[in-house]
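**Q** Below are the structure tokens for one structure; questions will follow.
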Amino acid sequence: EPTPVSVVIPNLRGSTPEDAVNALIDLGLQPGEQRDRFNENVPAGQVIRTDPAAGTEVDPGTSVTLFVSMGGEPTPE
């Protein structure tokens with residue numbers, strides 16, 4: 001069975017980092033670093049986006065960075 005020439009990055013927004021990592025591995029991609037970001041719209045502990053972005057065609061084995069929400073930015077007292 002021939003190896004696919006390219007893999008499309010899935011839309012992992014809203015999944016847990018663990019599920020996202022498993023999805024990437026299943027596709028033959030390399031989970032890269034996880035970066036925490038404040039995000040008002042995505043609950044803490046869920047993936048906001050990936051780099052490369054969802055829908056991008058990449059070579060198998062490409063490293064994918066996960067941006068993970070820390071929830072909304074704390075408002076100063």
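The values are calculated or read from the model by the stated rules, or taken from the named source; none is laboratory data. This one's a predicted model, so the numbers in the text were calculated from it and none came from an experiment. As a convention, Cβ positions derive from the backbone with ideal geometry for all residues, glycine included, and neighbour counts pool all protein chains shown. Please note that ligands, DNA and RNA were not included when accessible areas were found on the heavy atoms of the full protein model with its side chains. Shrake-Rupley method; radii C 1.70, N 1.55, O 1.52, S 1.80 Å.
**Q** Of the residues 45, 28, 55, 32, which single one is over 13 Å from the mean Cα position of the chain (by Cα) and modelled with pLDDT of 95 or more?
**A** 28
**Q** Please list, ordered by first then second residue, the pairs with beta carbon atoms under 6 Å, 6 or more apart or interchain, first in the stretch 42-68 and in contact (Cβ under 8 Å) with a residue 24 or more places away in the chain, second open to solvent by 50 Å² or more (accessible area, probe 1.4 Å) and of a type in the set (A, V, I, L, M, F, W, C).
**A** Here the result reads 44/70; 57/8, each pair linking the stretch 42-68 to a residue that is open to solvent by 50 Å² or more (accessible area, probe 1.4 Å) and of a type in the set (A, V, I, L, M, F, W, C).
**Q** Let me ask something additional. Take the residues in the stretch 1-11 that are modelled with pLDDT of 95 or more and open to solvent by 40 Å² or more (accessible area, probe 1.4 Å); name whichever of them is farthest from residue 70 (Cα to Cα).
**A** It comes out as 8.
**Q** While we're here: Would you point out the residue of the stretch 21-33, among those that are within 18 Å of residue 6 (Cβ to Cβ) and among the hydrophobic types (A, V, I, L, M, F, W, C), that is most open to solvent (accessible area, probe 1.4 Å)?
**A** 25
**Q** Continuing with the same structure: Give the residue, chosen from 71, 14, that is in a loop (DSSP other than H, G, I, E, B), modelled with pLDDT of 95 or more, under 13 Å from the mean Cα position of the chain (by Cα) and surrounded by 13 or more Cβ atoms within 10 Å (Cβ to Cβ).
**A** 14
One line per residue, one yes/no per condition, for (1) open to solvent by 40 Å² or more (accessible area, probe 1.4 Å); (2) out of contact with any strand residue (DSSP E or B) (no Cβ under 8 Å at 6 or more places or on another chain); (3) not in a helix (DSSP H, G or I):
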{"position": "19", "(1), (2), (3)": "yes, yes, no"}
{"position": "35", "(1), (2), (3)": "yes, no, yes"}
{"position": "42", "(1), (2), (3)": "no, no, yes"}
{"position": "49", "(1), (2), (3)": "yes, no, yes"}
{"position": "53", "(1), (2), (3)": "yes, yes, yes"}
{"position": "67", "(1), (2), (3)": "no, no, yes"}
